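J.: Here's a structure for you.
The values are calculated or read from the model by the stated rules, or taken from the named source; none is laboratory data. The structure displayed is predicted, hence computed values, not measured ones. Cβ placement follows ideal geometry from the backbone for every residue including glycine, while neighbour counts extend to all protein chains displayed.
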Amino acid sequence: MDTLIGALHAHAAHVVNRFYEELGRLPKSRRILEMLSGVELAHLKARQIENLLALADLRLTAHDQAEMAQRIGRIHAIVGLDKEELVRSRGILQELLYAAVGRAVSAQQLSLYARRLTSDLAWQLKAYQRVQDSQQEALLRITRLVWEAGSYTNFIDQVIATLAAHDEVAACAIGRPDEAGIFHFEAGTGGKTGSMLNVLTAHDQEISVRADHPQGQGAIGRAWRSGKPERVVNYQTDPLVAAWRGLAAREGVRSAVAIPLAAPGQPPLAVLSLYSAFPGGFVGPDQVAFVDLLQTLLGCAATRIPAHDGMSAAVPVSVRQHRAALVRTGALEMHYQPLIDLATGKTVKVEALARLRDGERLLVPDEFLSALASDDLLALFTRGIDEALADRTRWCAEGHQLEVSINLPPAALNDIRYFEATRTALAAHACPPAKLTLEVLENESFSLSHGRRAILAKFRGLGVLLAQDDLGAGHSGLARLRELPFDWIKFDREMVKVSGRDALDTLRVIYQLTRLGHSLGRLVLAEGIDTLDLLHALAILGVDGAQGYCIAKPMEGARLLEWLDRTPPFLALANAERDPWDESLLARLARFLIWEERMLMIAAVPEAAQEVLHALTRDAGEGDSVPIAQSLSGLDGILPAGQQRDALRREVVGALLTEGPNSEAWRNALRGLIEAIAATA
């Protein structure tokens, strides 16, 4: 083969130059070549010459040839050169080679070289299949992530991890702009240094999504505004990204595509950037199809995630890293909010709430939870439950036998490690399991899948209590209340927010949900209670427990002991001996709802309804049965005495029993009754 190698050395440069001239006449190949700078084209020709010489070397093993060919084939696939064009271009190259060296070498040498060229083409085509398989695998994984998406933070971390493993992606990053339109990267990986994200965030050229900003014309800014994938075909030739040209060269990225995560007809939620190690990495037909499918899937996630996760402001990756470090470096502080039993007025339980000490600042969950990845959340839970049960042990030693509740993230129902952490903490602190309540947040990600049911069953088997947190804030709460093994249900604070004309309707919903919870064997707790008037009303309606600022704000464990020692039990609010005229409007409305419920039961029995209507024509006396007497006197404690009370009683009872609860007469009577109650409260 020495003769062949000598001939190639003499003619390879000429052959390669002619080869690229011919490629320039092929539309698809010309598109790829036009992406290159002069320096890049010269480099490509030099590598082509090296490849031709390597194929003529007798020392080249079949294994080495396969690796070399698949490496080159992978590049061809990534830059979008389709298979048909590759085969056609290989035919052109062979014709040029035969014309240049065919007369200078033997037929045997030429035959061997031809076989190697054919084998090289076959291996390159196999590389194409590997790239296509990698695309399909990435899309399948993203599909699973979309339909299992929990929090935004965990979702973007998993998307980045999936795409970083894809053959065509040299680096990837995702983020959102702030209110000023400045873009912040929140997750990412890759690049020559392996930390391209850190390089991007430290780069002094900020990225904007505003069209009037000097750095607003890059792919990210354009994608945010257009809602469509936007590309950088080549960082070295695109004038719109000149500010990032040096960074791209240092990190080994040559092209990029920015993909907005947007629900149909909605502004983007975030922008995902994929970076390629080659010019034109995302413009070939297969790559365009891949990017379009990827955007469609991410659009589904953009529809689902905000619906149940809520969306905080963008959290730069540096902040995420700092928050994660705080969780693991002793910055966690558990604060506790008392929960009182409304039947006894005593503090029976505390909710453990996480705080992070960041210098002089004490961060609350709204400030740090959105910055934490799945492993960070597990570390937070593990350290939090350990600290909370250790504090409980100290309180017990001081004579305060308190129960503790702590939030269990929805992710815990997919991750057995939370169960193990709970079991370990209970054993370490010798805490009876029934003294611990795990509050499970109700949201869309909390589906009734078999796996999640199995983990809930493990917690039940451990003996801990389970509470459905924030009932009414999520999705299909009543179905889960019926089907899942909760011991407590906890009203979302928005459900118990009472104001103005909506007060009666709000109390009515609380009352009916409380009765429903009790009928299913659940205890009912209300959080976010800000006034003693509302606390009293909830006690009248049968709510079992409450917590809120009118009782106490969250506090450190040491301060909780002081609070317990100096705070007497709250009155047993529902049955307290008091003058009814001293009761608040909310308390009177609550008592009215109890009376209304009794009247509706009477209305369902025609004979009883007629007896009550008959009794209305005379004063209630000894001849009336106890239920009838109670039904007629039930308004006495919430209305002024005298003729007005008697007239209102006749109007309200008569409208309800003769016209029914859905009648206009009842609505008018009810309106007058509420006005009378409000006037005397």
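J.: Suppose we keep only residues that are under 30 Å from Leu561 (Cα atoms) and among the basic types (Lys, Arg) within segment 312-342. Which one would you say is surrounded by the fewest Cβ atoms within 10 Å (Cβ to Cβ)?
T.: Restricting to residues being under 30 Å from Leu561 (Cα atoms) and among the basic types (Lys, Arg), the top hit is Arg328.
J.: Go over the candidates Leu507, Leu564 one by one and state the one that is more than 20 Å from Arg588 (Cβ to Cβ) and either in a helix (DSSP H, G or I) or at pLDDT 90 or above (or both). First the steps, then the outcome.
T.: Numbers: Leu507 fails: more than 20 Å from Arg588 (Cβ to Cβ).
Among Leu507, Leu564, only Leu564 is more than 20 Å from Arg588 (Cβ to Cβ) and either in a helix (DSSP H, G or I) or at pLDDT 90 or above (or both).
J.: Can I ask one more? Please go through segment 526-561 and pick out each residue that is of a type in the set (Val, Ile, Thr) and in a loop (DSSP other than H, G, I, E, B).
T.: Selection gives Ile529, Thr531, Val543, Ile551.
J.: Against the condition without any contact (Cβ under 8 Å) to a residue 40 or more places away in the chain, more than 28 Å from Gln70 (Cβ to Cβ) and not in a helix (DSSP H, G or I), how does Gln158 come out, does it pass?
T.: no
J.: Oh, and also: What tally of residues in segment 9-43 results from selecting those that are crowded, with 16+ Cβ neighbours inside 10 Å and over 15 Å from Ile92 (Cα atoms)?
T.: Total meeting the criteria: 7.
J.: Quick one: in segment 510-519, of everything that is hydrophobic (A, V, I, L, M, F, W, C) and touching a Phe, Trp or Tyr at 6+ places or on another chain (Cβ under 9 Å), which residue is farthest from Ile551 (Cα to Cα)? Step through it out loud before you land on a result.
T.: Within segment 510-519, the first condition is being hydrophobic (A, V, I, L, M, F, W, C), and the residues that meet it are 510, 513, 516.
From what is left, the residues that are touching a Phe, Trp or Tyr at 6+ places or on another chain (Cβ under 9 Å) are 510, 513.
Working: Ile510: 19, Leu513: 23 Å.
Looking at residues that are hydrophobic (A, V, I, L, M, F, W, C) and touching a Phe, Trp or Tyr at 6+ places or on another chain (Cβ under 9 Å), I get Leu513.
J.: So which of Ala46, Ala69 is in the same structural domain as Val101 (by TED's automatic domain parsing) and either surrounded by 15 or more Cβ atoms within 10 Å (Cβ to Cβ) or touching a residue at least 40 places away in the same chain (Cβ under 8 Å) (or both)?
T.: Only one candidate passes the filter, namely Ala69.
J.: Given Leu121, Leu117, Leu110, which one is in contact with a Phe, Trp or Tyr (Cβ under 9 Å, 6 or more places away or on another chain) and part of a helix (DSSP H, G or I)?
T.: It is Leu110.
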